[in-house]
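As structure tokens, the structure follows; a few thoughts come after it.
The values are calculated or read from the model by the stated rules, or taken from the named source; none is laboratory data. Please read these numbers as outputs of a predicted model, since none were measured by experiment. Cβ: placed from backbone, ideal geometry, glycine included. Neighbour counts: every protein chain shown. Heavy atoms of the whole protein, side chains included, go into the accessibility calculation; ligands, DNA and RNA do not. Shrake-Rupley method; radii C 1.70, N 1.55, O 1.52, S 1.80 Å.
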Amino acid sequence: MPRPTESLVWLPAALYGLAALLDYVDGTIARLTDHVTTLGARLDVEIDALGILIAPLLAVIYGQLPVWYLLAGAARYIFVAGKWHRRRTGKAIHDLPAGPASRILAGVQMAFLAVVLSPLLTPPEATSLGVAVLVPFLANFLRDWWHLTGRLPR
């Protein structure tokens, strides 16, 4: 699938960027007004994960990012599958530490993906910047996995 041209070239970036911005505003308002619900928090995480799955896939199809960047989209689903496997096999599952790191890194990831879907960066620039964004994003999943499995104290 070729990248959109002319008047449509900004459409994927605008749609994804708008979705990410509205997600941020919604979450901020929910926290500030103390209207956070378990369902809302769960839906937020799952919708974010779906966006971080689809946006890199589109960026790879457009030739903006290399195939290995799909790890960003796969990370959440690998983590959830690992947690499901631990639960199914009776292994301990520890709580994750509270803190904004995951939310911040997801926000940075979404902002980066919105820019990558735009015509602002060339593929080499997107790849270089992508490494700087992907490494801490994946490292956070690894840290959370170590907490979940009890390898790191809470």
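Residue pairs whose Cβ atoms lie under 8 Å apart, separated by 6 or more positions or on different chains, with the first residue in the stretch 132-154 and open to solvent by less than 70 Å² (accessible area, probe 1.4 Å) and the second of a type in the set (Gly, Ala, Ser) and in a loop (DSSP other than H, G, I, E, B), are Thr149/Ala92; Gly150/Ala92. Filtered by the rule that a residue be in contact (Cβ under 8 Å) with a residue 24 or more places away in the chain and not in a loop (DSSP other than H, G, I, E, B), the stretch 110-125 gives Met110, Ala111, Leu113, Ala114, Val115, Val116, Pro123.
Consider Gly107 carefully, then state whether it is surrounded by 18 or more Cβ atoms within 10 Å (Cβ to Cβ) and either in a helix (DSSP H, G or I) or among the β-branched types (Val, Ile, Thr) (or both). Please lay out each step first, then the result.
Details: surrounded by 18 or more Cβ atoms within 10 Å (Cβ to Cβ): no; either in a helix (DSSP H, G or I) or among the β-branched types (Val, Ile, Thr) (or both): yes.
No; evaluated as a whole, the condition is false for this residue.
Between Ala72, Ala92, Ala59, the distinction of being over 13 Å from Phe137 (Cβ atoms) and in contact with a Leu (Cβ under 8 Å, 6 or more places away or on another chain) belongs to Ala59 only.
Please go through the stretch 63-101 and pick out each residue that is on the phi > 0 side of the Ramachandran plot and either without any contact (Cβ under 8 Å) to a residue 24 or more places away in the chain or hydroxyl-bearing (Ser, Thr, Tyr) (or both). Walk me through how you get there before you give the answer.
Within the stretch 63-101, the subset on the phi > 0 side of the Ramachandran plot is 63, 90, 99.
Result: Gly90, Gly99.
For the stretch 20-44, the set of residues classified as open to solvent by 50 Å² or more (accessible area, probe 1.4 Å) and in contact (Cβ under 8 Å) with a residue 24 or more places away in the chain consists of Tyr24 only.
Report, by residue number, each residue of the stretch 1-15 that is outside any helix (DSSP H, G or I) and over 16 Å from Ala111 (Cβ atoms).
Passing the criteria: Met1, Pro2, Arg3, Pro4, Thr5, Val9.
Out of Pro123, Pro119, Pro153, Pro97, one residue alone is closer than 25 Å to Asp26 by Cα, of a type outside the set (D, E, K, R) and more than 14 Å from the chain's Cα centre (by Cα). It is Pro97.
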